[in-house]
1. Just give me the residues in region 4-22 being open to solvent by 30 Å² or more (accessible area, probe 1.4 Å) and of a type in the set (Phe, Trp, Tyr), in sequence order.
2. Of all residues in region 176-207, count the ones that are within 16 Å of LEU143 (Cα to Cα), in a helix (DSSP H, G or I) and open to solvent by 20 Å² or more (accessible area, probe 1.4 Å).
3. Under the condition of being free of Cβ contacts under 8 Å to residues at least 60 places away in the same chain and either within 28 Å of ALA24 (Cβ to Cβ) or not in a helix (DSSP H, G or I) (or both), which residue from region 43-86 is least open to solvent (accessible area, probe 1.4 Å)?
4. Is region 136-155 home to any residue that is among the small types (Gly, Ala, Ser) and either in contact with a strand residue (DSSP E or B) (Cβ under 6 Å, 6 or more places away or on another chain) or surrounded by 18 or more Cβ atoms within 10 Å (Cβ to Cβ) (or both)?
5. Given the condition part of a helix (DSSP H, G or I), touching a Ser or Thr at 6+ places or on another chain (Cβ under 6 Å) and either buried (at least 17 other Cβ atoms within 10 Å of the Cβ) or at pLDDT 95 or above (or both), answer yes or no: does some residue in region 210-229 qualify?
Amino acid sequence: MYVTVFLFCLIQGFTEFLPISSQAHLIIFNNFFSLEQANLSIRELNIIAHFGSLLAIIIYYYKQCIKLIFSFRHFFQSYLDQNTVLLKNLIYSSIPIFIIGYLVADFITEDIFRSINLIGWVTLTFGILLYFVDRSCLRIKNLGNISANTALIIGIVQCFAIIPGFSRSGAILTIMRLLGYTRNSAVNYSNLLSIPAISGAMGYLLIQDTTIFTVENTINTTSLVVLIVSFIFSLIFIHFLVVWVRKSSLSIFMWYRIIFGTIILIYSYIDLINISW
């Protein structure tokens with residue numbers, strides 16, 4: 001049981017902040033491994049694991065988070081504090097995913113987005129797109145150059161992450177590199193934007209089932225393992241991404257996505273052939 005839970009947390013921490021789609025990886029994982037013996041439902045595991053990732057990103061950026069909190073006092077006079085401008089931009093970028101995410105969750109069935117074939121093609125296609133955008137675009141803008149309109153555009157593009165295989169961070173990195181932002185700025189903005197994104201997703205799941213966090217569900221060994229392991233792996237791979245882009249391009253993620261997407265497609269088409277026989 002704990003081996004399966006450990007793998008689940010490893011995948012969550014490994015994929016949440018890298019541009020390789022955590023949603024796609026967890027869907028594939030759930031196709032091969034059963035978590036029914038973990039004494040927690042898939043929804044409960046997702047919430048606790050994402051909470052671990054949320055804690056990791058807040059702690060990793062704790063200095064910036066503190067600055068953003070204190071910048072609230074200048075919310076209506078943002079010219080007094082550059083952090084207030086960043087705070088407003090993060091809010092603008094978060095609005096589209098809150099609206100579209102809610103509409104999609106209510107009106108589109110999960111079956112549409114759980115197609116292994118779809119995940120494979122999306123993973124492959126947008127991995128290549130990220131590579132060419134990263135290699136071809138200018139690298140001159142930083143976080144101070146983000147306007148309200150640009151923040152809103154980034155937020156709209158982030159909504160593509162609803163499609164498994166696209167990747168929330170991958171979507172943000174692609175559009176920001178296309179608009180001429182440096183890799184460091186794109187990664188930092190993507191990471192900060194994950195705080196409201198993950199919080200919103202967790203909030204929605206909790207509203208859907210308010211009985212999830214009962215004493216029996218939360219105060220147990222499995223929940224603590226999920227929380228701690230997800231936190232540790234998330235922290236490791238956040239740092240990996242931040243350090244990596246200081247020295248290298250995003251091509252490593254393209255190659256990973258090509259290999260991962262190809263494997264998924266081979267599996268899905270073999271499965272279809274077996275069914276037809």
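The values are calculated or read from the model by the stated rules, or taken from the named source; none is laboratory data. Note that the structure is predicted; figures quoted are calculated from it, not measured. Neighbour counts are summed over all protein chains in view; Cβ atoms, including those assigned to glycine, are modelled from backbone coordinates with ideal geometry. When the accessible area is computed, the model is the full protein with side chains, heavy atoms only, and any ligands, DNA or RNA have been set aside. Shrake-Rupley method; radii C 1.70, N 1.55, O 1.52, S 1.80 Å.
1. PHE6, PHE14
2. Residues meeting the conditions: 4.
3. Applying the filter and picking the extreme gives ASP81.
4. yes
5. Kept after step one, since they are part of a helix (DSSP H, G or I), are these residues of region 210-229: 215-218, 221-229.
Those still in the list that are touching a Ser or Thr at 6+ places or on another chain (Cβ under 6 Å) too: none.
Within region 210-229, not a single residue is part of a helix (DSSP H, G or I), touching a Ser or Thr at 6+ places or on another chain (Cβ under 6 Å) and either buried (at least 17 other Cβ atoms within 10 Å of the Cβ) or at pLDDT 95 or above (or both).
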